[in-house]
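The next block holds one structure in the form of structure tokens; read it before the comments.
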Amino acid sequence: MTCTPFLFRIAVGASAALIIGTAAFAQTPAPPASPYPPTATITTPGYPGVGPADSKLRVVGLPNGKKVHLLPATLDTTQWGWFDNAQPPVLRVNSGDTIVLETMMHSHNQIVPGTTIEQIKKTRTDFPGRGPHTLTGPIYIEGAQPGDVLKVRLNKIVPRAYATNFNVPGLFGQFPSVYSDGQVKYLYLDLDNMTTEFLPGVVIPLKPFPGTLGVARKEPGRYSSVPPGEYAGNMDIRDFVAGTSLYVPVHVPGALLWTGDSHAGQGNGEVNLTAIETAYKEFNITVEVIKGKPLDFPRIETAKSWITMGFDADMNKAWAQAKAQTIKFLSEQRGVSAAEAEKLMASVSDCRVSQVVNIKKGIHCLNPKNTRDKEDMERPTKETSKYLVSHVKNADLNKAMNDASMGMIKLLESEKKIARLDAYGLASVAMDCRVGAISDAEKNVHCLMPKSIWVSKR
């Protein structure tokens with residue numbers, strides 16, 4: 001595919017600049033990543049450039065004698081909506097180093113309180129082929145080579161004080177034809193209490209996690225940031241919080257680590273396209289190159305679990321991949337055959353719908369570290385004291401998820417008298433869709449909404 005021209009429009013304060021470039025969101029050949037530090041010129045729209053950044057000034061000492069790398073989110077250290085393994089790194093670090101970085105809001109910080117849904121839609125329709133995410137990076141990790149595994153530990157996450165949730169009218173999300181009218185909401189994040197009031201009397205706990213964290217894919221060329229894959233990327237797994245670690249296969253020298261799509265919280269499903277979308281003032285991570293223990297697909301380690309995952313445009317295939325990865329993990333962990341691991345999976349692995357809006361849908365399974373434990377296997381089929389429940393079974397997992405999630409949206413409208421677009425958004429940020437019993441003939445999805453988020457009567 002030949003390169004086609006595009007325009008970046010970047011708003012900074014009251015001024016704006018147009019940057020002309022090219023992009024091909026296909027497998028366009030590209031030169032190998034540069035081994036040298038970046039020499040991007042520091043510019044502010046409307047003012048003359050002041051020269052190249054000095055990467056040595058991004059390393060600082062701490063009182064405890066350790067050093068960390070500081071990576072601000074600027075126009076030089078971020079990309080809007082794409083990955084490219086030929087992109088020169090904005091930072092080079094060693095295995096074991098800690099990086100404290102910032103992220104931006106979507107579309108190079110253009111989606112901030114005051115931006116209308118019409119303007120948000122325009123950022124997507126005017127720039128087709130790319131994602132909405134602003135990605136900080138890439139970061140080159142010395143010594144990382146194809147076949148290695150990169151471990152990324154999340155040490156600390158500090159969001160901005162505001163966030164957004166929106167559905168783009170008629171274009172994206174799980175039900176674009178049903179919700180052909182769009183809506184954007186801006187939220188205040190109470191970081192003292194780690195909550196946000198999504199609607200009057202409806203308070204959502206905040207659990208910040210990076211929607212996107214991944215390495216460069218092995219194929220050359222420029223690719224949209226939207227679909228996840230073996231390089232991790234836009235996984236949207238809400239259990240990937242501070243204190244957890246990602247293990248991801250390395251595909252190119254230096255790994256080239258990127259992050260963005262920063263979330264303050266999300267439902268399992270993310271049905272209207274967006275979570276509680278924010279940016280991070282501090283995203284504190286430690287990277288480590290692991291040799292001699294190859295992986296073929298990403299995994300996440302939490303305090304109590306190992307998370308396996310699968311991605312595909314067809315949720316049945318995403319389930320098949322998640323199942324295969326889970327069986328492989330359980331077989332390795334417990335020293336049992338694949339057949340025995342498959343039997344175990346049904347009783348010990350807690351599988352949930354990560355998201356259904358990233359071109360490739362996602363399913364992830366939590367597997368207990370302690371082999372005597374079981375994960376949360378609660379799969380109610382009707383309302384309980386803790387949850388509103390929508391349960392659907394169907395031979396097609398896509399259909400089961402569609403109907404179960406729409407069932408919950410309709411419950412919010414009828415039972416809680418929530419307006420239709422608000423119900424769609426609330427389902428996206430707070431609903432928990434769980435995969436139940438699976439067979440060739442029948443696949444079960446249980447979508448739960450915690451009653452605890454209602455703190456006062458409507």
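The values are calculated or read from the model by the stated rules, or taken from the named source; none is laboratory data. Just so it is clear, the model here is predicted, and its values are computed rather than measured. Neighbour counts run over all protein chains shown; Cβ positions are idealised from the backbone, glycine included. Surface areas here come from the heavy atoms of the whole protein model, side chains and all, with no ligands, DNA or RNA. Shrake-Rupley method; radii C 1.70, N 1.55, O 1.52, S 1.80 Å.
Rg and Dmax, both from the Cα atoms of segment 407-448 and both in Å, are 12.5, 37. Remark: relative contact order (segment 322-458) = 22 percent; criterion is Cα-Cα distance under 8 angstrom and separation of 6 or more residues.
Computed over the Cα atoms of segment 253-406, the ratio of the radius of gyration to the Kirkwood radius (Rg/Rh) comes to 0.98. Normalised by the number of residues in the chain, the mean separation of alpha-carbon contacts (under 8 Å, six or more apart) gives a relative contact order of 15 percent. May I ask you to list the lysines whose Cα is less than 24 Å away from that of Lys343, ignoring any residue fewer than eight positions away on the same chain? By straight Cα distance, Lys343 reaches Lys304, Lys317, Lys323, Lys328, Lys369, Lys374, Lys393, Lys443. In the set (1) 67, 63, 45; (2) 63, 53, 51; (3) 92, 54, 37, the label that goes with Cα extents along the principal axes in Å computed for this structure is (2). The alpha carbons of segment 313-402 occupy a box of 37, 35, 22 Å along the principal axes, longest dimension given first. For the chain, the solvent-accessible area of protein heavy atoms averages 41 Å² per residue (probe radius 1.4 Å; ligands and nucleic acids excluded). Here Asn193 and Ala419 are evaluated by their C-beta separation; at R0 = 35 Å the FRET efficiency comes out at 0.85. Derived value for segment 162-317: Kirkwood hydrodynamic radius 17.1 Å. Basis is the mean of 1/r over every pair of different alpha-carbon atoms.
Which of rounded, prolate, oblate describes segment 89-157, given a ≥ b ≥ c as roots of the alpha-carbon gyration tensor eigenvalues and a/c under 1.5 marking rounded, otherwise prolate only if a/b is larger than b/c? Judged from the Cα gyration tensor, segment 89-157 comes out prolate (a/c at least 1.5, a/b above b/c). Segment 205-261 and segment 143-198 have Cα centres spaced 14 Å apart. Under the simplified labelling scheme, the Val59-Ser456 pair shows an inter-label distance of 5.4 nm, with each label point 7 Å from Cα along Cα→Cβ.
Debye-formula intensities of segment 225-282, expressed as log10 I(q)/I(0) at q = 0.13, 0.17, 0.20 Å⁻¹, are -0.38, -0.65, -0.89 (one equal scatterer per alpha-carbon, no solvent).
Shown are Ile418, Ile290, whose ranking by accessible area with a 1.4 Å probe and every protein chain present, most to least, is Ile290, Ile418. For Thr98, the accessible surface of its heavy atoms amounts to roughly 30 Å² (probe 1.4 Å, protein chains only, rounded to the nearest 10).
In plain terms, the chain from Glu219 to Asp181 could stretch by 10.0 nm, reckoned as 0.36 nm per residue minus the Cα-Cα distance.
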